[in-house]
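J.: The structure that follows is given in the form of structure tokens.
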Amino acid sequence: MTQTSADEGIADGRRTPLHELHVQAEAQFTEFAGWQMALRYPEGTLREHLHTRAHAGLFDISHMGQIALRGARRAAALEALTPADVIDLPAGRQRYALLTNRGGGIIDDIVVANMGAELLLVVNAARTATVLPYLVEEIGSACEIRHLDDLALLAVQGPEAAAAVETLAAGLGDLPFQSVCTPEIDGAPCRVSRSGYTGEDGYEIAVPAPDACDLARRLLAQEGVRWIGLGARDSLRLEAGLCLYGHDIDDTTTPLAAGLGWTWPTVRRPGGARAGGFPGAGELADELAAGSATRRVGLLPEGRAPLRENTGLLDEDGNIVGRITSGLFSPTLGRPIAMGYLRADHAAAATTLRAMLRGRALTVARAALPFVPHRYQRKSNEP
Amino acid sequence: MSELKYSRDHEWLHMEPDGTATIGITDYAQKELGDVVYVELPEVGREVRQGEEAAVVESVKAASEVRMPVAGTVVAVNTALAEHPETVNVDPSGDGWFLKLKPSSPDQITGLMSEAEYQAYVAGIK
């Protein structure tokens with residue numbers, strides 16, 4: 001048997017503060033972005049995935065970069081690097097934002113939280129080594145930048161997440177979607193947001209590394225909470241239509257082509273009170289006026305065989321009109337799903353698409369995203 | 001029943017009394033792969049070379065090629081895997097078999113590992 005996708009292998013790399021708990025849980029490890037991460041537990045990716053949708057999954061996402069910005073000019077400084085509205089982000093709220101490059105491509109997709117005295121950024125593990133020096137270089141003179149690498153990060157996701165997290169600190173069950181607070185849990189200062197990467201209701205909890213194992217044990221003692229590995233994290237996010245950096249978005253894809261134009265609000269668009277002023281603003285204004293050349297779309301390959309990343313998408317005449325950027329077998333739907341980019345003229349039309357799989361031509365249907373409806377606990381109009 | 005023979009690529013082979021060889025992937029292989037969601041098998045009648053990637057097994061995330069441990073002609077495939085690919089995880093060396101070959105070079109079988117040799121080989125990987 002020979003592996004054709006870089007999924008398995010000898011695990012190497014830095015360990016998270018929760019490593020010993022994963023070993024005890026008999027995790028199978030994989031190297032991801034320089035970290036030794038739990039790929040799956042004995043139950044397996046399919047059951048872990050379905051458990052998260054039905055109950056609650058606990059994810060160790062301590063590999064993600066956590067960066068604090070301090071200083072009076074921190075919000076304006078960050079707005080110089082992103083099309084997002086940071087200045088008007090209220091204290092206790094967070095939002096998804098994109099760091100753009102001069103061409104309008106995406107350097108990273110991040111979450112920005114306004115913690116009152118500071119801005120807190122959560123960046124992709126694979127991008128931390130790029131983003132951190134970039135922030136220091138670009139805005140290090142305007143604000144103080146600290147890498148909070150002494151914090152672990154846990155996610156609790158699924159319909160039973162709220163009940164489990166409420167037992168940690170009273171009131172957390174009522175925290176609105178995309179709100180963030182700083183409760184003390186068993187004496188440890190934590191940062192808790194109602195957010196996640198699965199499409200389910202859920203929370204992300206930053207905790208000092210020395211307290212992380214105790215917190216995880218408390219959560220695992222709750223009815224319905226189980227460890228979930230990176231394998232199911234990927235299938236859950238794809239069902240939810242969420243992008244994975246380095247696959248669905250990268251330096252060459254723009255926020256508009258990626259369908260993430262909603263992260264660029266009116267106030268920062270041409271004619272807005274704080275229009276432009278970020279890398280690639282001119283390019284994106286042109287793209288907004290002319291329309292994007294490509295669009296990110298949802299795809300449903302016929303049959304049971306998943307179509308994987310980099311598979312070409314063909315029109316009826318066999319011309320390449322797009323490519324798949326993420327593809328796997330959806331445990332919820334019991335069929336393959338994919339996301340990819342299509343030339344705009346094909347993205348709009350209901351044209352028949354085909355893809356080649358091991359010498360066979362498969363029909364690929366267009367699908368609305370997300371594949372599985374989001375179940376966020378919204379209490380405001382924040383997207 | 002004769003014992004199973006093993007390849008370095010984690011396939012097993014069992015010689016049946018009728019002279020055909022049943023082939024599947026090992027328990028080690030299914031554990032490494034994780035939940036099997038799709039198996040693609042060759043057509044009956046196809047001639048395969050030793051080491052040829054004649055079948056594909058897919059987990060949620062990854063695709064893996066299955067190499068033929070010996071050369072021969074495909075005489076049967078396990079069509080039940082189309083509906084129940086998870087059988088490969090549940091019973092890899094039984095109901096989760098992939099295909100049956102009529103070996104064209106039976107001497108290739110002697111080059112495969114015994115159970116004890118394969119277990120030592122797997123222990124060396126870990």
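The values are calculated or read from the model by the stated rules, or taken from the named source; none is laboratory data. All of these numbers come straight from a predicted model, not from anything done at the bench. Positions of Cβ are generated from backbone atoms using ideal geometry, with glycine treated the same way; all protein chains shown enter the neighbour counts.
J.: Looking at A:P331, A:P373, A:P336 in this structure, which one is under 30 Å from A:P176 (Cα atoms) and buried (at least 17 other Cβ atoms within 10 Å of the Cβ)?
T.: A:P331 is the lone residue from the list that is under 30 Å from A:P176 (Cα atoms) and buried (at least 17 other Cβ atoms within 10 Å of the Cβ).
J.: With region A:205-319 as the region, which strands (runs of 3 or more DSSP E) entirely inside it contain at least 3 residues that are more than 19 Å from A:A344 (Cα to Cα)?
T.: So the answer is A:225-227.
J.: Cβ-Cβ under 6 Å, sequence separation 6+ or interchain: first residue in region A:43-63 and hydrophobic (A, V, I, L, M, F, W, C), partner surrounded by fewer than 21 Cβ atoms within 10 Å (Cβ to Cβ). Which pairs?
T.: A:A56/A:G224
J.: Could you check region B:8-22 and list, in sequence order, the residues that are of a type in the set (S, T, N, Q), in a loop (DSSP other than H, G, I, E, B) and either under 12 Å from the mean Cα position of the chain (by Cα) or buried (at least 20 other Cβ atoms within 10 Å of the Cβ) (or both)?
T.: Answer for region B:8-22, where residues must be of a type in the set (S, T, N, Q), in a loop (DSSP other than H, G, I, E, B) and either under 12 Å from the mean Cα position of the chain (by Cα) or buried (at least 20 other Cβ atoms within 10 Å of the Cβ) (or both): there is none.
J.: Determine if region A:259-267 includes at least one residue that is under 21 Å from A:L39 (Cα atoms) and out of contact with any helix residue (DSSP H, G or I) (no Cβ under 6 Å at 6 or more places or on another chain).
T.: no
J.: Next question, about the same structure. In region A:46-68, which residues are small (G, A, S) and not in a helix (DSSP H, G or I)?
T.: Listed by number, the residues that qualify are A:A56, A:G57, A:S62, A:G65, A:A68.
J.: Using the structure shown, decide if B:E86 is within 14 Å of another protein chain (Cβ to nearest Cβ), among the acidic types (D, E) and over 14 Å from the mean Cα position of the chain (by Cα).
T.: Here the answer is yes, as B:E86 does meet what is asked.
J.: Being part of a loop (DSSP other than H, G, I, E, B) and modelled with pLDDT of 95 or more: is that true of A:T332 here?
T.: yes
J.: For region A:299-339, give me each residue that is of a type in the set (S, T, N, Q) and in contact (Cβ under 8 Å) with a residue 12 or more places away in the chain.
T.: Correct list: A:N310, A:T311, A:T325, A:S326, A:S330, A:T332.
J.: Related question: Can you say whether A:A38 is within 20 Å of the chain's Cα centre (by Cα), crowded, with 22+ Cβ neighbours inside 10 Å and either more than 14 Å from chain B (Cβ to nearest Cβ) or modelled with pLDDT of 95 or more (or both), as far as the supplied structure shows?
T.: yes
J.: OK, next. It is to be established whether one or more residues within region A:159-172 are assigned to a strand (DSSP E or B) and in contact with a Gly (Cβ under 8 Å, 6 or more places away or on another chain).
T.: No, the conditions are met nowhere in region A:159-172.
J.: Quick check on region A:295-316: of everything there that is over 21 Å from the mean Cα position of the chain (by Cα) and away from chain B (no Cβ under 14 Å), which residue is nearest to A:V364 (Cα to Cα)?
T.: Here the answer is A:L300.
J.: Of everything in region B:89-108, what is under 12 Å from the mean Cα position of the chain (by Cα) and in a helix (DSSP H, G or I)? Give them in sequence order.
T.: none
J.: While we're on this one: How many of the residues in region A:317-350 are of a type outside the set (F, W, Y) and within 14 Å of chain B (Cβ to nearest Cβ)?
T.: Of the residues in region A:317-350, 13 are of a type outside the set (F, W, Y) and within 14 Å of chain B (Cβ to nearest Cβ).
J.: Would you confirm whether any residue within region A:182-193 is within 17 Å of A:L58 (Cβ to Cβ), surrounded by fewer than 17 Cβ atoms within 10 Å (Cβ to Cβ) and either in contact with a Lys or Arg (Cβ under 9 Å, 6 or more places away or on another chain) or among the aromatic types (F, W, Y) (or both)?
T.: yes
J.: From the residues in region A:206-250 that are farther than 22 Å from A:L172 by Cα, of a type in the set (G, A, S) and more than 14 Å from every other protein chain (Cβ to nearest Cβ), which one is surrounded by the most Cβ atoms within 10 Å (Cβ to Cβ)?
T.: If we take residues in region A:206-250 being farther than 22 Å from A:L172 by Cα, of a type in the set (G, A, S) and more than 14 Å from every other protein chain (Cβ to nearest Cβ), then A:G241 is surrounded by the most Cβ atoms within 10 Å (Cβ to Cβ).
J.: I'd like to verify a number: residues in region A:140-193 that are among the hydroxyl-bearing types (S, T, Y) and either over 18 Å from A:M115 (Cβ atoms) or touching a Phe, Trp or Tyr at 6+ places or on another chain (Cβ under 9 Å) (or both), how many?
T.: 3
J.: Moving on. Just to be sure I understand, how many residues within region B:25-83 are part of a strand (DSSP E or B) and within 10 Å of chain A (Cβ to nearest Cβ)?
T.: 17
J.: Right, next: Select, from A:L154, A:L172, A:L135, the only residue that is buried (at least 18 other Cβ atoms within 10 Å of the Cβ) and under 23 Å from A:P279 (Cβ atoms).
T.: A:L135
J.: Could you run through region A:6-34 and say how many residues are within 14 Å of chain B (Cβ to nearest Cβ) and either out of contact with any Ser or Thr (no Cβ under 8 Å at 6 or more places or on another chain) or modelled with pLDDT of 95 or more (or both)?
T.: Total meeting the criteria: 8.
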